[in-house]
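Working notes, structure below.
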Amino acid sequence: MDALIPHLPVLLVLTPLFGGLLAALMPRRGPAPWMWSLLVTAFEVVLALWMVKQVQRSPQETITYLIGWWPAEYGIAYVIDALNAYVILVVALLAFVSTLYAKSSVEDEIPKDRHNFFYSIWLLAICGMVGICATADTFNIYVLLEISSLTVYTLIAMGKYRDRRALTASLKYLVLGSIGATFILLGIGYLLMLTGTLNMPDMHEQLMLMKAKGTLEGNRTVLVGFAFITVGLGLKMAMWPLHLWLPNAYTFAPSAVSALVASTATKVGVYMAFRFIFTLFGTVYDSSATLALMAFCGTLGIIVSSIRAAQANNVKKILAYSSVGQLGYIVVGFSMANESGVAASVIHILNHAVTKGAMFMACGAVVLRMGNADLKSFYGLGRRMPATMAAFTVGGLGLIGMPLTSGFISKFYLVSGALHDGQWWLALVVLAGSLISIVYVWRVIEVIYFKKTDKRAPVAEAPFTMLIAMWILVSASVVLGVDAELTGRLAEFAARALIGGAS
Amino acid sequence: MIEPSPVLAIAIPLVGGALVVAAGARRNLREAVTLLTSGILFATVLALIPAALAGPSPTTEVLHVLPEIPLAFHVEPLGMIYALIASGLWILNSVYSIGYMRANREAHQTRFYLCFALSIASVMGIAFSANMLTLFMCYEVLSLVTYPLVTHKAPKVAAIRAGRTYLGILVSASVLLMLPAMVGTWMYTGTLDFVHGGVFGEALERGSVPPWLFGFIFFLFMYGIAKAALMPFHRWLPAAMVAPTPVSALLHAVAVVKAGVFSVCKISTYLIGVDKLAEYGQGGWLLYAAGISVIAASLIALFQDNLKRRLAYSTVSQLSYITMGAAMLNPLGMMAAAMHIAAHAFGKITLFFAAGSIYTAAHKTKVSELDGIGRRMPFTMGAFTVGCLSMIGLPPTVGFVSKWMLLGAAWTAEQYFAIGVLVVSTLLNAAYFLPIVYRAFFRPPPSPGTTGEPRHGEAPWPIVVAVTGTALCAATLFFYPSVFAELALALMKGMPT
Amino acid sequence: MASFGLFNYWIAVAIMMVGFYGVIAKRNLVKQVISLGLFQTGVFLFYITMSVYHAPDGTPGRAPVWQAIQGGLAKDPGPYDNPLPHVLMLTAIVVGVSTLSVALAIIMNIKRLYGTVEADEISEIEDAIDHREELTSR
């Protein structure tokens, strides 16, 4: 087994890739594709854990894997350090839990003879997301980004079997997502032109050399490249006001897809932003103006999206808008560019993934039983589906940032990041946002527990696999909320590493 | 033999809550569990008194919530007073609950007892918290677990609306004001531990925290603790009165509101440091804010016809006494505040018990309906009278002791405003409490033939036992205030002067 | 004349902008997707353009493969264009084709379920659905 260790970075990407291709060859009906996907994602989790162990052995160093042994300047290099090992683990874990969850939801929402294709695309999406995190080659990032995006478009479009609006939502996402990806490609082109390399660490080095020689002074190529990449990333991670594709896409996607995508896809976008803004441009370029703009967008995003969430009448849409708002927290966090702020961002990637994943799963269970996720379907479900609704409630408390849930930890870091630079107003905006989140969470909770049950409502609880999946995430949220020793240290370490490149 | 410890005191009600759920619909078993749990908890807390008198005990760390800030508990005099009241009154309140909930055929009783046990657990957490983060977490949990109790009568619209006001104000204030204050403290001082004299000393001397910022953080804390019901953050308290009376009695007269004033005292003493406030000339405004709150709430109470609402506004004003005690920024004032936490608890719970008793027996909620009720319900109204005397601060009740201490503290600190407030509010207290007593005993009851006038006697015996019990406590503590007085003294001794 | 000397960049950017305009302004979904393809093509040209190399003496670079065929690897290859962007664009074209195919597949489904590929008509239908839901949710 030890012979595999040096190949771990690439195995992380190849496992879901070949797993996905093989899933398409599985029998069309029956549970075989699902079981295969579960196996693949479980193996992926094992690999990710193994990877984290390797990284922890020497946390100061990075593990570089050269594909085909081409030198990093010419070929594709995968570079793993504490930050992306952590993000990969988050993605792998959530992929596994979502796959566990997917069984009943997919059986219900996808035609019986298409399950093999569904899981094939599902695994390829995971491959793309893990790949983005693993690679250090900018063009490879673009390719993997498109792999994950194209598969996610397809997955969302599969919501058409339940609601045809999934198609338009998916197409909107496709158009905006492709524009974003093309912007990123364009930005990478400018950097390639300037540095002659695609490898991120190498690119950074070249830029530093140019900076030392003074040729970077007033260089507009780097500025334009940075601008294109920032906008592209903003689109990909649904930073307000570039989030327009997100609410409908999350609302109309099949339940399992909402859970997977909401908890991982935008997070991967955020990870890319970390890499580009801190690792690549960090010391090269004074990005304080951009970061200020991002802080502005982030805060506005928190407030506006939370208000939109408070107005929505479809619970999935509430959650979708809330995702945009929560992403605002992450953006605000790293835009502070200080240790606590970036740590808040890093830790919120995990905390929000876990919380929102659990909530989308609970929501999906309601879709399964009631046929839709309208607020009206939730009437009195506290009695009919107690375990699911309890999961939803705890998840909601996590969104608000109540103590004992992971959301509180993020908020603590975020506020200390804001106060670190004496930005009291930022802290207040962030907290005001969480007050609005009380409103939208409580609208649903009141309906769940206080309204009279619809007579036609089913008596049944959600299926067992669904319950297990959502409760894994809910308990993770609580555990991360009472004991953030490990995650907090990891986030602080990752933040120091990122900022270290910047100061 | 398990050593009594703060962690145990938190674990007992949690286990009790789990057992309540396990007992479920077997109500005799369920209520026996509640009683037994409250008894064991009280014994555990009593066993901790010697540790408290010896000053803050070593802290027990439970979990690392954040890498450098653990969830930690310790025993110290102020928390001891609070824990003692809450756990002791929980026994009487459980007796009372059994009578009240059964007589009024309330629904969801298992949920009721579960949430009650959880509330007490978080109260213990607040009382024994060894750092600000622990206090904050338990404080928020208390808001959450009392929410189902406040909305107990849902789907009634009034209950849901009251729940919104309740949670809205409490959580908004704590998140918007208290959380930044806490994080600010952490950023500027690098610690959130509760230590005598506060944690700001060094930062203030070094000048890394300017005095205005120090004062600002204090301001955020004081208004962030909405549970202390400092005006204008008092609206949740009258709103919470839609809950069943045992909830109003123990939680909204004792546990939750005391969590507020306790936090005010604890933060002022152990995190901010009252001597630092006095030294840097900050926080003087609190005395006036509290004083105005006392008078205004008393004036509003004067015009309330609903008995529970009148009691609620009286609570608002009494709480501000305690805040005022803390705001005198001297050890004597803090000691008086600590004493008043105990004194008010016994008086006010008696009054609420009596109100619930009247509701159970006669289904009356308004002051104007109480004519001559004292003759039908002598025990209840007798206890009510004792409670009133304690509120006004007349002997032979414990209210007199604490009010006397407050006056003494104000006199020593030469706070003439405070003295004025105390005098005026005492008159106002008398003005809104004594007419009730007068009506009950000296007005003739409506003639038996009047339509809608139910025939009734005393309330069920558990209620009567509880209400008489708390009234007796309020009177006994006048003669033997030693336990609380010693604890209050121990608190004062520890404070730097 | 320096800016005119970069005329191939101007063309690449112009194509990009034409495509971008189409994506935003066209209300027909198929036209939108075609514009998206145009936009991407502009970027491809941008990359190709950047690979062009002129030696300091003005000799234009040639395809490296051509050089190899001409004289073998031993000989000094002379000025040659950067092959890397070409390789990248081969991949990007594949990505573009995939995007186009997914988009067209979705549009086919839209046509089947909505009966139209005009964005305005679709949003009318969807507004009607939203409105109906609004009414039932009260």
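Observations, loosely collected:
- Each of B:Asn429, B:Ser402, B:Leu135 was placed along the dipole of chain B (beta-carbon charges, centred on the mean Cα), and the one lying farthest toward the positive end is B:Asn429.
- Debye, to nearest 20: dipole size of the protein assembly as shown, +1 on Lys, Arg Cβ, -1 on Asp, Glu Cβ: 3880
- Annotation: the residues A:Thr487, C:Thr91, B:Thr165, sorted from fewest to most other C-beta atoms within 10 Å of their own C-beta, follow the order C:Thr91, B:Thr165, A:Thr487.
- Distance between modelled label sites at B:Phe417 and A:Ala32, nm, 7 Å Cα→Cβ extension: 8.3
- Total charge dipole magnitude, chain B, about the Cα centre, Cβ charges on Lys, Arg, Asp, Glu only, Debye to nearest 20: 1920
- In chain B, excluding the sites themselves, the longest stretch lacking any of the trypsin sites (Lys or Arg not before Pro) that are in a DSSP loop with at most 11 other Cβ atoms within 10 Å is B:106-454.
- Translational D in µm²/s for the protein assembly as shown (Stokes-Einstein at 37 °C, 0.692 mPa s, Kirkwood Rh from C-alpha pairs): 102
- Reduced Cα scattering model of segment C:7-136, Debye log10 I(q)/I(0), q = 0.09, 0.23 Å⁻¹: -0.45, -1.25
- A quarter of the convex hull surface defined by the alpha-carbon atoms of segment A:243-320 gives 5.7 nm² as the mean projection.
- Shape parameters for segment A:75-228, alpha-carbon atoms, Rg then Dmax in Å: 19.2, 63
- Mean separation of Cα contacts under 8 Å (6+ apart) over length of chain A, as relative contact order %: 15
- Per-residue Cβ neighbour counts within 10 Å put B:Ser314, C:Ser123, A:Ser288 in the sequence A:Ser288, C:Ser123, B:Ser314, beginning with the fewest.
- Taking every residue in A:160-166 and counting other chain Cβ atoms within 10 Å of its Cβ, the average works out to 4.
- Taking the number of Cβ atoms within 10 Å of each Cβ as an exposure proxy, the fewest-first ranking of B:Phe200, A:Phe18 is A:Phe18, B:Phe200.
- 222 nm mean residue ellipticity, helices alone, for chain A (DSSP H n ≥ 4; -39,500 (n - 2.57); rounded to 500): -25500 deg cm²/dmol
- Three-way shape call for segment A:319-423 based on the alpha-carbon gyration tensor, with the a/c threshold at 1.5: prolate
- Normalised radius of gyration (Cα atoms, divided by 2.2 N^0.38 Å) for segment A:286-503: 1.05.
- The Cα trace of chain A gives Rg and Dmax of 21.6, 76 Å, the first to one decimal, the second as a whole number.
- Proximal lysines to B:Lys266, defined as alpha-carbon separation beneath 30 angstrom and excluding residues fewer than eight positions away on the same chain: A:Lys411, B:Lys227, B:Lys258, B:Lys276, B:Lys308, B:Lys348, B:Lys403, B:Lys493
- Enclosed volume per residue, in Å³, of the convex hull spanned by Cα atoms of chain B: 130
- Based on Cα contacts under 8 Å between residues 6+ apart, chain B shows a relative contact order of 16 percent.
- Hits among aspartates and glutamates - C-alpha to C-alpha of A:Lys213 under 15 Å, sequence gap 8 or more where chains match: A:Glu205
- Counting only lysines at least 8 places from C:Lys31 when in the same chain, those with an alpha carbon closer than 17 Å to its own are A:Lys172, C:Lys111.
Taken together, the values in this text are just the output of simple stated rules run on the coordinates, not laboratory data. The structure presented is a predicted model; accordingly, all values stated were derived computationally and were not measured. For neighbour counting, all protein chains shown are included, and Cβ atoms are generated from backbone atoms with ideal geometry for every residue, glycine included.
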